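Here the structure is laid out as structure tokens; the discussion comes afterwards.
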Amino acid sequence: DPMPIYGLPIYDLVFAFLSTIDGLEELYILKIMDYLDFNSSFTTEYKIKEILFGLYFRMGRCIKHHPHDINIYISAFEFWKKQLDLSDC
């Protein structure tokens, strides 16, 4: 269920990370973002918001293409919202 979006390369990483339901609640994606150094000024808050943005779109696509996975995406969205509250902003 591809969905083209124009933007920064970080979007491509986020959408690749979210393209499968396995590991959606893994914090290692933040380390990968650091390693790839898309922009050293990206805060943890910004990175988590990008993940939440991606999850929002994935949930919309999921309802159409993989409705049985929606609860997993909702759970991941809640997980990342909590991480945002814990981030050092």
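Determine which member of the set ILE48, ILE10 is at pLDDT 90 or above and touching a Lys or Arg at 6+ places or on another chain (Cβ under 9 Å). Please lay out each step first, then the result.
Working: ILE10 fails: at pLDDT 90 or above.
ILE48 is the lone residue from the list that is at pLDDT 90 or above and touching a Lys or Arg at 6+ places or on another chain (Cβ under 9 Å).
Please verify whether segment 28-45 includes one or more residues that are within 18 Å of TYR6 (Cβ to Cβ), of a type outside the set (Val, Ile, Thr) and at pLDDT below 90.
The answer is yes, given that some residue of segment 28-45 is within 18 Å of TYR6 (Cβ to Cβ), of a type outside the set (Val, Ile, Thr) and at pLDDT below 90.
How many of the residues making up segment 47-65 are open to solvent by 70 Å² or more (accessible area, probe 1.4 Å) and over 19 Å from ILE29 (Cβ atoms)?
Of the residues in that region, 3 qualify.
The values are calculated or read from the model by the stated rules, or taken from the named source; none is laboratory data. None of the values given here were measured: they were computed from a predicted structure. No Cβ is skipped: glycine too gets one built from the backbone with ideal geometry, and neighbour counts run over all protein chains shown. Just so you know, the surface numbers come from the protein's heavy atoms only, side chains and all, with ligands and any DNA or RNA stripped out. Shrake-Rupley method; radii C 1.70, N 1.55, O 1.52, S 1.80 Å.
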